[in-house]
Amino acid sequence: MKKKILLLLASLALVLSACATGHQTLKVMTHDSFAMSEELKTAFEEQHDVTLEIIASGDTGSALNKAILSKGNPIADVFYGVDNAFLSRALGEGIFEVYDSPLLAEILDDFELDPQKRALPVDFGDVCLNYDRLYFSEQGIQPPLNLADLLNPEYRSLLVVTNPATSSPGLAFLLATIGHFGEDGYLVYWQGLKENDLLVVNDWETAYYSEFSRSGGSRPIVLSYASSPAFEVIYADAPMDEPPTGVVSGDGACFRQVEFVGILEGTRQRDLAEKWVDFMLSTSFQEDIPLQMFVFPVNQNAQLDSAFTQHLAIPDRPAFVSPEDIALNRERWIQEWTETVLR
Amino acid sequence: MNGLSITNVHKRFGEIDALIGVSFEVAPGEIVAPLGPSGCGKSTLLAIIAGLDSSDQGDVQWDGVSLAGIPAHRRDFGLMFQDLVLFPHKNVSENISFGLQMQHVQKEDADKRIAEVLELVGLPGFEERDVNTLSGGEAQRVALARSLAPRPRLLMLDEPLGSLDRSLRERLVFDLRDILRQSEQTALYVTHDQEEAFTLADRVVLMNTGRIEQIDTPQDLYRRPASVFVARFLGLNNLLDGTLQTHDGNMEVITQVGRFLIPPHEIDLPRLKDDKYLDSDEDDQRPVTLLLRPDAVSLKADGSFQLYGTVQETTFRGSTCRAVILVNGLPLRFDFPAAVSVPGAGEAVTLGFEAHQALQLFFVDSASSSAQDR
Amino acid sequence: MDTRVDRDRAALKYLPAMPHQARFKRPRLTSILLWLAPLIFLLLFYFYPLGSILGMSFARAQGSILAPFIEALSSASIRGVLWFTFWQALLSTLLTLAIGLPGAYLLARYEFRGKSIIKALTGIAFVLPTLVVAAAFNALLGPQGLVNSALMSTFGLQQPPIHFTNTLTAILIAHMFYNTTIVLRLVGDFWSRLDPRLGQAAAVLGANKWSTLRRITLPLLLPAIASAALLVFIFTFTSFGVILVLGGPQFATLETEIYYQTVSLFNLPLAAVLALIQLVCTLALTIIYTRLVSGLSRPLSLRPTHITQRKISTWRGRFLAGIVILVLMGLIVAPLFALGFRSISNFERTESSTARQGYGAPVWRGFTLENYRQLNINRRGSLFYASPATTIAVSLGYAGATVVLAILLGLPAAWVLSRRRSSFLNRSLDPLLMLPLGTSAVTLGLGFIVALDKPPLDLRASPLLVPLAHTLVAFPFVVRSLTPALRSISPRLREAAAVMGANPRTVFRHVDLPLVARALLVAAAFAFTISLGEFGATALIARPEYPTIPLAIYRLITRPGMQNYGQALALSTILMLVAGLGMLAIERFRIADIGEF
């Protein structure tokens, strides 16, 4: 028995050392929602004569934690997937190296939330309330246009959102209300939602696939993403012209999540890492993003596929809360929210 | 009638008839031994009497009251299993007191009874012992004590000494007899061992493939076996094929060994299958089996019958000497008391016997195969 | 005397009784060597990572190391979380036993058609990731699920009467759904070999059915029942997905709290304290369990099932059996069928259906295999697309490795545990074995990152970590299912074999192994299903190009779009089938030269 374990460990060591002396490898650590097309990967590998290894490490928070805990002896060379809610934590722990990529010139300033260029923006998506068109047309009610509408009696018992403690869109929506109503007003708003029979569940899947009326649930307004209606069209069972759901995209009703990439401190493949970051910011990658990850490119020169833009609603003025404020107040805000809504 | 009464019990398992028309009685205080080879249905019989299984037909009664529908735990019978089945998680005293607990006996009285019963089986002071550490003989006695303790109106023992070695068995069988008699326990003692049955039982029920062959006291069973099967089971040798013809009450039996002319009333006429007696005037020849008892023959030439033969071999067996003697080419076995000096191999001998002591006739029916000893 | 074992048992009668303590003294060296493999495994892949992450977490504490402890214990909400974690686990365990024990009795004592199917079906429940289970229950009990729709149309109701999600009931039912199979297998297997004549002996001595159950059967079954109860309790104590998804925001256990503190707040010191509390509770429980049980296991005459089992003969028996099967089916199989049914169904929402219910419930429009077909298509040319065949192969590969590893580690540990029950080595090492089951997966996952970062053990990104992580959970299971069986082998059988000239290894092969062949199969089936359904560790570690089935399901179910959802259901159904077939295959597998035992 003991022999078998030793044998296992020995062969393990052998395999690992064999890998190390091979051909160059670039390791990219991401969360598990990362996707890209196969041909793009092959293109990059051939162009730079490198093997690309993607290491998916759980959800955003978990992946970031792993990167933080392996600081100094990083698991990968690049980390993609930090969003603005976690940005301050990442920067504060100092896991990234500075890289002033030339492609930053093509990106809107608004997205550069790290002036020190340790984390570079790659894509953005908006967390917005979606509504079931069929329900509202049948009932003859106007779908809500903005956050304040949801306090009205005609929208009583129609809303389902997710818990900011356990769900990333849930946190985003909370931040949207803070951004829109301010620190003094947001709790009053939530109190109002609670009195209007709000339903809170812990995760997006339950909200969207169990409680949303489109899936057979009883709530026609659900917290999701601005891109969800497009998903519904593209991944529909039967072809449809119009998306079956709409987005509540009034001012301050949505929250913009920006995702960043950074070169991990301590990497031994600095050059290749830079190439990869450049690649991620380049139009070829950026244009691939929407149909792979269903978020939007930050590169101004990226052309969006008409199939996608047809059903898209990019809100004009999403709510904004700075990453620093988020890092500072996150726990308190969640606690206050929990006191108000769940107790 | 008082006591146990089994009437016409049938039991079938799939294709096999385990019990066919079994009927007998056990009087209070009597020890009856169902005896027979493996597979004759003894254990099934016990299970049915105990209420652990049900018969397809027939009835089990106690003191005239039918037990049909009464579950095992309310019959007040005791059963000692072949492999004991002691409760492994209870010690000796807990095993024994189990039946008493079910009777809601007070602790004090129960403790007294436990001590009493342990004393009876010869294991005083064993109360705290772990049953898993007992030797074979000790475990046997604890199992016996457990089944005796609640004073069941009927105690059934299923081959209780089966897996013990010979000397232990011989000792225990006498102990058992004393214990049972001392307690005046009505008992059914199932065994395949003839010696055990004869030592213990008041009456023996000899069984063969589900049927009862004979019910008698050990002496009567041994002296007058009711069928060829019984004779063979009891080790009564020299079963000869022959034919019978009667003339004026005389019986003429022709066998390979010789022609026996038996005067009337010397031996019982064999019974026919339906229990009728042979018409003494019949002229037809009937096939019969003739039993020449090995223990009823002497080496002196006295007696109404004589046989002449040659000794083939002798075996000294302690209290008896067994001799194989060729008579008319057929080897016959005889047992002589040790005091008698038996001639050696090759010697010619004359054997003498009386018909009423040594001979018995059985009809051959299609159920029994050839009775000729080899 | 039909088997070798019977013959050997007969030989026992010739052995003189030996005093208990002196019985079969084995050199301690062998015990130590046998413990070595499981111990090294635990040290490398459990204690070392755990110690590392706890150490690192406490190093981040602001102020003294006691600060997070004080923070945790003085917080009312944390105390509330601890209390809730404990009593929901207790309640879940009791309920699971209440359903599982009658089921175990039925499976143990009776022979009827469809038995292996029932066992396989209840085992499948164990495999499913929580999101899939939530989907299954939703199909059955959701606002527009089968039950509510039926009730609403029958009684003309406006609102769905049954609210399933976000309730304590949902948590309890889900726990029963998941864990009944543990009781059925552990207790059922053991019960199936208890000599029925013990009950007969009791009956003849005057015990009715209840007395027999209470005084004879249950005490003898206690080691198996305690094992099952311990496992169910630990699982429900550390339950994460069920509490999160089915319980909703109102309920928090230690595990969900640890997740929140770690991932959302990155408050590692507090998370470490909570993880330690969880660990200490598990340890305490396991110690109580080992104390309780080690005194209980005794040599039993275990009989083959063709003797202990019989057909159901009376109508009353059939009726009762029917009720038990109905309950088991309703609880466990109905959601599975609902899931499978939905995966092959075509639902459509039209104007007309809206008018009726007000919410536009989708209407069933017939069967379709479109979801399955779509699984095979990589629509976006995506890099991480994996065909069902690939995911099945990956899952089976990991599961196979886990079974082998778990048995290689678990068998020696179980064997030593069964020999000298109260030795110091056993008493201290046994509880340690259970610890991985009671450890927060989040914490341990981070532990791997922190600890295993230098060659030759730089496994942070290695797929090898997946079967290792699975084995950590599976091998305590193996130990727990093998130990009662091994303990109940009469030591005299081994002695008899030894007296007849067999060395210890031969004794093991010819006496112990055949007698526990069945328990080994149960253990293998457990390890298999645990690996197949494991999601948490796998999500953190696996290569995205080679996802396991649960991982692939997760990817589909976290995206909007009916096709995604449909494919997720289809893949879930495939997972159920793979698990079921796998378990049936294991049950049919016969260990050499021993037939049905």
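Put simply, of B:128, B:213, B:196 the only residue that is open to solvent by 10 Å² or more (accessible area, probe 1.4 Å) and assigned to a strand (DSSP E or B) is B:213.
If we keep just the residues of segment A:127-144 that are out of contact with any Pro (no Cβ under 8 Å at 6 or more places or on another chain) and within 8 Å of chain C (Cβ to nearest Cβ), which is most open to solvent (accessible area, probe 1.4 Å)?
A:139
The set of residues in segment C:430-489 being farther than 18 Å from residue C:47 by Cβ and of a type in the set (S, T, N, Q) consists of C:462, C:481, C:483, C:488. Please indicate, with yes or no, whether at least one residue in segment A:211-219 is part of a helix (DSSP H, G or I) and not charged (D, E, K, R). Yes, that holds for at least one residue. Residue B:20 passes every criterion in (1) β-branched (Val, Ile, Thr); (2) in contact (Cβ under 8 Å) with a residue 60 or more places away in the chain; (3) within 14 Å of another protein chain (Cβ to nearest Cβ) apart from (3).
The set of residues in segment C:185-207 being assigned to a loop (DSSP other than H, G, I, E, B) and either at pLDDT below 90 or on the phi > 0 side of the Ramachandran plot (or both) consists of C:192, C:193, C:195, C:206.
Matching residues to (1) over 30 Å from residue C:568 (Cα atoms); (2) outside the structural domain of residue A:109 (by TED's automatic domain parsing); (3) of a type in the set (A, V, I, L, M):
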position: A:249; (1), (2), (3): no, yes, no
position: A:264; (1), (2), (3): yes, no, yes
position: A:279; (1), (2), (3): yes, no, no
position: A:291; (1), (2), (3): no, no, yes
position: A:300; (1), (2), (3): yes, no, no
position: A:317; (1), (2), (3): yes, yes, no
position: A:323; (1), (2), (3): yes, yes, no
position: A:335; (1), (2), (3): yes, yes, no
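Across segment C:572-584, not a single residue is classified as within 14 Å of chain A (Cβ to nearest Cβ), open to solvent by 30 Å² or more (accessible area, probe 1.4 Å) and at pLDDT 80 or above. The lone criterion from (1) open to solvent by less than 20 Å² (accessible area, probe 1.4 Å); (2) outside any loop (DSSP other than H, G, I, E, B) left unmet by residue C:544 is number (2).
Residue count for segment B:32-54 satisfying the condition of being more than 23 Å from the chain's Cα centre (by Cα) and either under 16 Å from residue B:212 (Cα atoms) or not assigned by TED's automatic domain parsing to the domain that holds residue B:200 (or both): 0.
For segment A:103-115, the count of residues that are open to solvent by 10 Å² or more (accessible area, probe 1.4 Å), within 15 Å of the chain's Cα centre (by Cα) and over 30 Å from residue C:546 (Cα atoms) is nonzero.
Within segment C:100-116, can you find the residues that are within 27 Å of residue C:534 (Cα to Cα) and either outside the structural domain of residue C:199 (by TED's automatic domain parsing) or without any contact (Cβ under 8 Å) to a residue 40 or more places away in the chain (or both)? Result: C:115, single match. Answer yes or no as to whether residue C:130 is in contact (Cβ under 8 Å) with a residue 40 or more places away in the chain, facing chain A (nearest Cβ under 10 Å), open to solvent by 10 Å² or more (accessible area, probe 1.4 Å) and closer than 17 Å to residue C:235 by Cα. Yes: the conditions hold for residue C:130.
The rows are residues; the columns are (1) closer than 29 Å to residue C:31 by Cα; (2) crowded, with 22+ Cβ neighbours inside 10 Å; (3) of a type in the set (Ser, Thr, Tyr); (4) not assigned by TED's automatic domain parsing to the domain that holds residue C:517.
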residue: C:396; (1), (2), (3), (4): no, no, no, no
residue: C:404; (1), (2), (3), (4): yes, no, no, no
residue: C:409; (1), (2), (3), (4): yes, yes, no, no
residue: C:427; (1), (2), (3), (4): yes, no, no, no
residue: C:433; (1), (2), (3), (4): yes, yes, no, no
residue: C:436; (1), (2), (3), (4): yes, yes, no, no
residue: C:448; (1), (2), (3), (4): no, yes, no, no
residue: C:468; (1), (2), (3), (4): yes, yes, no, no
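Just one of the numbered conditions (1) in a strand (DSSP E or B); (2) surrounded by fewer than 24 Cβ atoms within 10 Å (Cβ to Cβ) is not true of residue A:190: (1). For segment B:55-114, the set of residues classified as away from every other protein chain (no Cβ under 14 Å) and among the aliphatic types (A, V, I, L, M) consists of B:60, B:65, B:68, listed by residue number. Among the residues of segment A:46-61, just one is assigned to a loop (DSSP other than H, G, I, E, B), free of Cβ contacts under 8 Å to residues at least 40 places away in the same chain and more than 7 Å from chain C (Cβ to nearest Cβ), namely A:49.
Scanning segment A:235-276 for residues that are buried (at least 22 other Cβ atoms within 10 Å of the Cβ) and over 25 Å from residue A:64 (Cβ atoms) turns up A:245, A:247, A:248, A:253.
Scanning segment B:338-352 for residues that are open to solvent by 60 Å² or more (accessible area, probe 1.4 Å) and either at pLDDT 90 or above or within 19 Å of residue B:305 (Cα to Cα) (or both) yields one hit, B:348.
If I ask for residues that are within 20 Å of the chain's Cα centre (by Cα) and over 18 Å from residue A:51 (Cβ atoms), which ones from segment A:63-78 would you list? Once the filter is applied, which keeps residues that are within 20 Å of the chain's Cα centre (by Cα) and over 18 Å from residue A:51 (Cβ atoms), segment A:63-78 yields A:63, A:64, A:65, A:66, A:67, A:68.
Let me confirm something: among C:571, C:577, which residue is without any contact (Cβ under 8 Å) to a residue 24 or more places away in the chain, assigned by TED's automatic domain parsing to the domain that holds residue C:448 and under 20 Å from residue C:398 (Cβ atoms)? Within the list C:571, C:577, the selection yields C:577. Being open to solvent by less than 30 Å² (accessible area, probe 1.4 Å), among the hydrophobic types (A, V, I, L, M, F, W, C) and outside any loop (DSSP other than H, G, I, E, B) is the filter here, so list the residues in segment C:152-182 that pass it. The answer is C:152, C:170, C:171, C:172, C:174, C:176, C:177, C:182. Quick check: anything in segment B:129-151 over 21 Å from residue C:204 (Cβ atoms), polar (S, T, N, Q) and away from chain C (no Cβ under 14 Å)? Looking through segment B:129-151, none of the residues is over 21 Å from residue C:204 (Cβ atoms), polar (S, T, N, Q) and away from chain C (no Cβ under 14 Å). In segment B:119-157, which residues are more than 25 Å from the chain's Cα centre (by Cα) and within 30 Å of residue B:25 (Cα to Cα)? Scanning segment B:119-157 gives B:120, B:142, B:146, B:149, B:150, B:151.
Residue-by-condition table, conditions (1) surrounded by 23 or more Cβ atoms within 10 Å (Cβ to Cβ); (2) more than 9 Å from chain A (Cβ to nearest Cβ):
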{"position": "C:230", "(1), (2)": "yes, yes"}
{"position": "C:239", "(1), (2)": "yes, yes"}
{"position": "C:243", "(1), (2)": "yes, no"}
{"position": "C:258", "(1), (2)": "yes, yes"}
{"position": "C:266", "(1), (2)": "no, no"}
{"position": "C:271", "(1), (2)": "yes, yes"}
{"position": "C:275", "(1), (2)": "yes, yes"}
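Evaluation of residue B:167 against the conditions (1) among the polar types (S, T, N, Q); (2) assigned to a helix (DSSP H, G or I); (3) open to solvent by less than 30 Å² (accessible area, probe 1.4 Å); (4) more than 12 Å from chain C (Cβ to nearest Cβ) shows that the sole unmet condition is (3).
The values are calculated or read from the model by the stated rules, or taken from the named source; none is laboratory data. What you are looking at is a predicted structure, and each value in this text was computed from that prediction instead of being measured. All Cβ positions, even for glycine, are placed from backbone atoms using ideal geometry, and neighbour counts span all protein chains on display. Just so you know, the surface numbers come from the protein's heavy atoms only, side chains and all, with ligands and any DNA or RNA stripped out. Shrake-Rupley method; radii C 1.70, N 1.55, O 1.52, S 1.80 Å.
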